[in-house]
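First the structure, in the form of structure tokens, and then the observations on it.
The values are calculated or read from the model by the stated rules, or taken from the named source; none is laboratory data. Treat the numbers as computed from the prediction; the structure is a model and nothing was measured. Cβ coordinates were reconstructed from backbone atoms using ideal geometry, including for glycine residues, and neighbour counts include every protein chain displayed. For the accessible areas, the whole protein counts, side chains as well, though only heavy atoms, and no ligand, DNA or RNA atoms are used. Shrake-Rupley method; radii C 1.70, N 1.55, O 1.52, S 1.80 Å.
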Amino acid sequence: MSRSEALADGFPDLSGHKVAREAHWGRWLTAAVIVVILVAIGRAFARGQIEWSFVERFITAPVILRGIVNTMIMAVLAMALGIALGVVVAIMRLSPNPVLRSVAGGYTWLFRGTPLILQLLLWFNLALVFPTIGIPGLWSARAVDVMTPFLAALLGLGINQGAYTSEVMRAGLLSVDIGQYEAAQAIGMGRLQALQRIILPQAMRVVIPPLGNEFIGLVKATSLASVIQYPEVLHSAENIYYANSRVIELLIVAGLWYLLVVSILTPLQMLLERRFARGIARGGR
């Protein structure tokens, strides 16, 4: 519409006006408050009774490095156990068999309903309930010898993780269209074969993001295994500050290692998500 046409129709001519930018005062105020808080926190750490030379000294101490290696070994093994249990339990939850559904539901209820640190302590003290464990007539051993801190941490973390992973896997299986199940049956595939070749690959793009978050959370949850003397990074830091009383410095060392691990895992998770999302347009179409 030309200027003359706009005037003729009774509309004012706005062509000569400049577009005014909106002043986002709320954003600036929020940013200023955040900066002030961060400066105050940084100032407190800078002026606090923290010997940063100890942080630099122990950040690469051999015992700390062994601790972070043990942390990652435990996290990987516990996650593998959790995924294996999660897949089985998720399939049981979706089974038409009421017994399997009840057992799977009870497992999820029990291990999601009790604190993880309590489960770790129960596994570590299993010898108080079962002094001897084994297979009758084939093998037996004292539970106190078998239930080492490593095994107790693995069972406690892995079985607990399986309860949460089962819900993630169940959501992924339910996200696959029912027509995929019917198509698999139409070409003569059994239930397990269809799950392996058709259903689970399609469900992976749904379960990978929450599983990545679960793994990152599990890496940090390994710190709870320090209560049963598993030598992960926090337990290693505790042993050092028990000797030299540099509590804050060693906790900062452990925190920096956790941040480094999470910072590495996060982009790897994003790459894995993109890998399984290939062929899927934005918006999930």
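Quick look at the numbers
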| item | result |
| --- | --- |
| Qualifying residue in segment 250-259 (condition: open to solvent by 60 Å² or more (accessible area, probe 1.4 Å) and at pLDDT below 90) | no |
| Residues (at pLDDT 90 or above, open to solvent by 70 Å² or more (accessible area, probe 1.4 Å) and not hydroxyl-bearing (Ser, Thr, Tyr)) located in segment 260-279 | LEU260, ILE264 |
| Failed condition for PHE215, given (1) surrounded by fewer than 19 Cβ atoms within 10 Å (Cβ to Cβ); (2) touching a residue at least 60 places away in the same chain (Cβ under 8 Å) | (1) |
| Neighbours by Cβ (under 8 Å, 6+ apart or cross-chain): first from segment 95-108, at pLDDT below 90; second of a type in the set (Asp, Glu) and assigned to a helix (DSSP H, G or I) | none |
| Some residue of segment 106-128 being more than 30 Å from ARG191 (Cβ to Cβ) and over 30 Å from the mean Cα position of the chain (by Cα) | yes |
| Residues within segment 22-61 that are of a type in the set (Ser, Thr, Tyr) and either farther than 30 Å from GLU232 by Cα or at pLDDT below 85 (or both), tallied | 1 |
| Top-ranked residue of segment 18-33 - restricted to ones that are open to solvent by less than 100 Å² (accessible area, probe 1.4 Å) and aliphatic (A, V, I, L, M), ranked as nearest to LEU250 (Cα to Cα) | VAL33 |
